[in-house]
1. GLY54 passes all but one of (1) out of contact with any Gly (no Cβ under 6 Å at 6 or more places or on another chain); (2) farther than 15 Å from LEU13 by Cβ; which number fails?
2. Among the numbered conditions (1) loosely packed, with under 14 Cβ neighbours inside 10 Å; (2) part of a helix (DSSP H, G or I); (3) at pLDDT 90 or above, tell me where ALA58 comes up short.
3. If you go through segment 24-53, how many residues are assigned to a loop (DSSP other than H, G, I, E, B), within 13 Å of GLU118 (Cα to Cα) and in contact with a strand residue (DSSP E or B) (Cβ under 9 Å, 6 or more places away or on another chain)?
4. Return the total of residues in segment 78-122 being small (Gly, Ala, Ser) and in contact (Cβ under 8 Å) with a residue 60 or more places away in the chain.
5. Among the residues in segment 68-76, are any within 30 Å of ALA135 (Cα to Cα), among the acidic types (Asp, Glu) and surrounded by fewer than 18 Cβ atoms within 10 Å (Cβ to Cβ)?
6. Given the condition of a type in the set (Val, Ile, Thr), crowded, with 20+ Cβ neighbours inside 10 Å and within 15 Å of MET24 (Cβ to Cβ), answer yes or no: does some residue in segment 113-123 qualify?
7. For segment 91-112, give me each residue that is among the polar types (S, T, N, Q) and either surrounded by 15 or more Cβ atoms within 10 Å (Cβ to Cβ) or at positive phi (or both).
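The values are calculated or read from the model by the stated rules, or taken from the named source; none is laboratory data. Given the structure is predicted, the values throughout are model-derived calculations rather than measurements. Quick reminder, even Gly has a Cβ in these numbers, built from the backbone with ideal geometry, and neighbours come from all protein chains shown.
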Amino acid sequence: MRRAVLPAEMRLLRRLTLSETKFMVVGLTAAVMQGADAVTQDIDLWVSSAGKQGLARAAKEVGGIYAWRADPPFLDGPDLDRIDLVNHMDGLGSFDEEYRGAVDCQIDDFVVKLLPLERIIVSKRAAGRGKDVAALPALEAALISKRYL
């Protein structure tokens, strides 16, 4: 990713993976991990409904908390404030539908699931926010490059 991944963030991702909690890295972070020439300040995580308990446990194990009653829910604690929790993605199907098409990404000694670049583009277009529209050229260029590699 084109930002420093803090140790607590890395530990959280590792713990989620080892606990077999179903989650995906989505948004611009997932796009950067797939080769998009972009910069982001956060990590967007989409966690299955059934995975919320695993998320709470993992957050606690790395010294944080999962505030599930907040709207939207969030993580808090040392170096976890740049992790954004996503409940849905504009223009996409359910978590389970999108998870079936997720791609694997090796990080150190574990693998995380990423929302595919094609689906990130669909979601950014559907959201239509200025920052999403501004990211589309870099995402589309990465998709073209990926197809020719």
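1. (2)
2. Of everything listed in (1) loosely packed, with under 14 Cβ neighbours inside 10 Å; (2) part of a helix (DSSP H, G or I); (3) at pLDDT 90 or above, ALA58 misses just condition (1).
3. Residues meeting the conditions: 1.
4. Counting residues in segment 78-122 that are small (Gly, Ala, Ser) and in contact (Cβ under 8 Å) with a residue 60 or more places away in the chain gives 1.
5. yes
6. yes
7. Listed by number, the list is empty, since nothing qualifies.
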